Every structure is written in structure tokens, then in C-alpha cells.
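Worksheet: one structure, shown below.
Each value in this text was obtained by applying a stated rule to the coordinates, not by laboratory testing. All values derive from a computational prediction rather than experimental measurement. Glycine gets a Cβ as well: all are built from the backbone with ideal geometry, and neighbour counts include every protein chain shown.
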Amino acid sequence: MRVFDLICVILAVGGAHLLRFGAEDASIAETEVSYAAVSVLLVLAWSAALEYGGTKDTKVLGTGTEEYKRVAASSLWLFGALAVFSYVFQLQTARGYVSVALPLGIFLLLGSRWIQRRILHKGRRDGLYLHRVLLIGASHSVEHLWRRLNQHIVSGYKPVAAFLTDSGTVDDELPVLGSTPTVEDVLDAIDHRKADTVAISSGADPVFLRHLGWALSARDVGMIMAPALTDVSGPRIHIQPVAGLPLVHVTTPRLEGMKAFAKRSFDVLAAGALLVLLCLPMSLVALLIKLDSRGSVFFQQTRIGKEGQGFHMYKFRSMRSDAERQLEALIQLSEGNEVLFKMKNDPRVTRIGKWIRRYSIDELPQLFNVLKGDMSLVGPRPPLPHEVAAYEQHEHRRLMVKPGITGLWQVSGRSDLSWEESVRLDLYYVENWSPAQDLMILFRTLRAVLARDGAY
């Protein structure tokens, strides 16, 4: 990783030097310091900033957005310090040099980290680069932790065995080595199972944990505490030591005030720009729909938005005009989840409809909903009225924010998801919203659309 980061930094700084000064060297105004020397120093300083900015911390590599945030933050802090240094010592640094090096460097570094992450994920799916984890805790907590780690193996943790602190049972696929273990039992299991990490969930004795922590530290074995919290992102968790106890504070981000204004501003600007860029392709799609079958070009459907308010959602019509009347006859053939009707070979879909659905082109008119304020670019899936009528109490939390054209449900399988998984993803978005997450979802949406994951 250090080699790839160094290559990216050299390319960015070298590229900025060539674009600004060409093959010839130059010096900073009123000094004898050449930009060649500045470039060398900048490469070294940038590499050091990435090193000491925690961008290579194994706890953030391979999952989440924290790695990308640290790369960007370390780069921005470095160039901020460079600007202050130049101001204090009145050095007339060429603006063209800096304005090329910084964005080019961040772009190359983030792109390199993304490629490395894809390689890392593939290796982990193949059983490589994994931490072998020994689980300790109450049976229900251990089984939940085991299932979630197995479902997200790209995070790098593979449970290999467990000790239970109660008389319960877990899935037979997870080997249980005993109950109420001693420190010696755990150390023996580490040796036999070749574990390098111990994950402790609820139910363990505090004195036992203290002694176990000392023993694991002596062996350089990782120790992870897994509290009984699910679907909580990192920025919401703050640890405060009080009287020797690590108290975990959990906050809920509220989409209001300046945050709401920033999200709405981004929605309007991005939706407007996309409509300008796509006006001609969208006009062509509308013409093809009109030529392919009878009926309106657009399909309008009542959906439920923020705080339970209904609105008309727009889509390009992909079905025959009598599709709604035929739904009752096909309901038994649904291939979606237990709430949403989906068919991979729906006979109501037109020839053009199959194509525009395959690449989610039918969703583009929802950009008008974004401009109107009914929807956002990113958010929970916009539900139908009969779905909301059947919601359980906790599911109404999905309506705390505007629905989105895309969201976690879109980039995680869409029609292939169960209803429970769809709800879980939407609630996760509502309770862990952040601008960085929105940008990540938009990026992943492009990949999901091109790959046609779960689209039918």
C-alpha cells in the first residue's frame, strides 16, 4: 500500500510540475528555492502525512468510508499547512502548481485505495487476509455476531469457534468449545484454532475480561468488544471513560438545519445538471416508448414521502397501459419479497420497457420529483400507500426523511432482497445519514446499474 500511495503522490506532484513549468525548472519568486526541490519535499511530506494520518490503520482498511476520509483529510491538512507556511514567510508559491497537485493527488489516492479494496475483498471472499476470531459471550449474542460477521466476510473477520457464558445453544455450524471458560481455556483454544483475535459479546464477567485482556496483550492477540448494538455507524459512537468504565455514547444524526439545507442544495444542483445533460437521451427514450406501445410516455404512481405525505412519483412507462388491471391475476407468481410484487419475466412489460428497466432508465423522470422537493437523490425506497398501512411501529422511522431515487436498497440487491433486509437497510440509512455516505451510495449506484444487479 505504501508503494502505491507513493506512486500516486509522485504522479500528482510530478504532473503538477510539468503542467505548470514544463520540462524546465523554476524557482519560487524572490528566492533561490527551485520547484524541483519543492516537489521532492512535497512528496516526502505528503507520504508522511498519509502515514501519520492513520490512513493505513488496519481497523479502517477494507470497509466503510473512514479510510477515504482519512486520505482526503490528511492531504487537505498538508496543503493547508503549506498555505499557512507560504503566507507567514511571504513565499509566492505558484497557484497553478498547488491547484493541480492537490485535486489530482486526492483523485489518484482515492482511486488507488478503491482498486486495492476491490482486490482485498476478492481475496477475503476466497479465504485470504482474514482474522481468525474466537467468540465469547451469551448464546444469543454469539450467534448474532457469528451470522453478521459471516454475512460481511469482506470486513476481514472469520469466526472459528466460540465459548458460551450461559447454557444456551447456537447454530451447529459454529463449533462450541465449552461454557464459562477460564483464561487458560481461551489461550488453549487460541493455540488449537490458530486464532489471532478474540471478540467478546455480552454476558462475560468483568473480572474475567480484565485478566483475559492482560493475557491476550502478552501474546499480541487482538481483543474486540462487541456491545449489543446493531446497524450503528462509526461516527455515531463515542467512548467516554468514567470511573474506569468505557461508556459508549450513541447519537442519532438529525437531518435538519444546515445539514438539511446542504442536502437539499446538492439535490437541486445535481438533479438540475443531470436533467440538462440527459434532456436529449430522455427525449429519445420518450419517443421510443410512444412508438412501441399505446399509452402515456410517463407513468405516475402515488407514493408516500417524508412524514407520511403522499406525492405522485414519475417514471418512464415500461408496461402496457392496462398493467394495473392485470396485476391481480399475476400476484401469485411474484418473485419479489413477501411485500413487493416482482417478476423477472413480467408479461406486462413492453419491449422498450425491458431495456429501460435493465439499466434503470425508467427511474430518470424522478429527477423532476427531486426538483419539486418530493424526493431526494439518496434516501429510503419510496413506499406505496398499502405498504405503509401494513408497517409495524418501528418501520415508520423510514418516513423521517425524503425517499430517494437510489439508496442502500438499490446498491444491495434491489428486488433480490427480503422485506426484512429492505427495511433494515432503509432504517440504517435514516439513523446513520451522512454526506459521505450519500456520495458513496451514488457511486455504488452507478456500478449496480451497469452490472444490472437485482434489476427486473
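Worth pointing out:
- log₁₀ of I(q)/I(0) at q = 0.11, 0.13, 0.21 Å⁻¹ - segment 2-125, Debye sum with one point per alpha carbon: -0.40, -0.54, -1.17
- Quotient of C-alpha Rg and 2.2 N^0.38 Å, computed over segment 258-451: 1.01
- In the structure shown, the pairs Lys259/Lys402; Lys56/Lys259; Lys263/Lys372 are assessed against 20 Å; a Cα-Cα span above that value is assigned to Lys56/Lys259.
- If R0 is taken as 25 Å, the Cβ-Cβ distance between Asp191 and Ala48 corresponds to a FRET efficiency of 0.05.
- Peptide ranges 378-387, 43-52 listed from the most packed, as the mean C-beta count within 10 angstrom indicates: 378-387, 43-52
- Centre separation in Å (Cα based) which lies between segment 240-295 and segment 367-384: 7 Å
- Summing charges over neighbours of Val370, with a neighbour being any other residue whose Cβ is under 10 Å away from its Cβ, gives +1 when K and R count +1 and D and E count -1.
- Here is the tail figure for the chain: Cα pairs spaced more than 32 Å apart come to 55 percent of all pairs.
- The calculated FRET efficiency for the pair Ser202 and Leu76, based on their C-beta separation and a Förster distance of 60 Å, comes to about 0.90.
- Extension gain for Gln90-Ala286 works out to 64.6 nm (0.36 nm per residue, less the C-alpha to C-alpha distance).
- Rounded to the nearest 20, the size of the Cβ-charge dipole of segment 74-193 about its Cα centre is 1040 debye, with Lys and Arg at +1 and Asp and Glu at -1.
- Summarising the label geometry, the points placed 7 Å from Cα in the beta-carbon direction at Asp57 and Ser293 lie 5.3 nm from one another.
- Above 17 Å, the calculated P(r) of segment 262-327 contains 60 percent of its Cα-Cα pairs.
- According to the calculation over all Cα-Cα pairs in segment 131-228, the P(r) per 10 Å bin from zero is 17, 57, 26, 1 %.
- Computed [θ] at 222 nm, deg cm²/dmol, the chain (DSSP H ≥ 4; -39,500 (n - 2.57); rounded to nearest 500): -16000 deg cm²/dmol
- Size of electric dipole in segment 2-125: Cβ of Lys, Arg +1 and of Asp, Glu -1, about Cα centre, debye, nearest 20: 960 debye
- Charge sum, other residues only, whose C-beta stays under 11 Å from Tyr314's C-beta, Lys/Arg counted +1 and Asp/Glu -1: +1
- Given +1 at the Cβ of Lys and Arg, -1 at the Cβ of Asp and Glu and no other charges, the dipole of the chain around its Cα centre is 1600 debye to the nearest 20.
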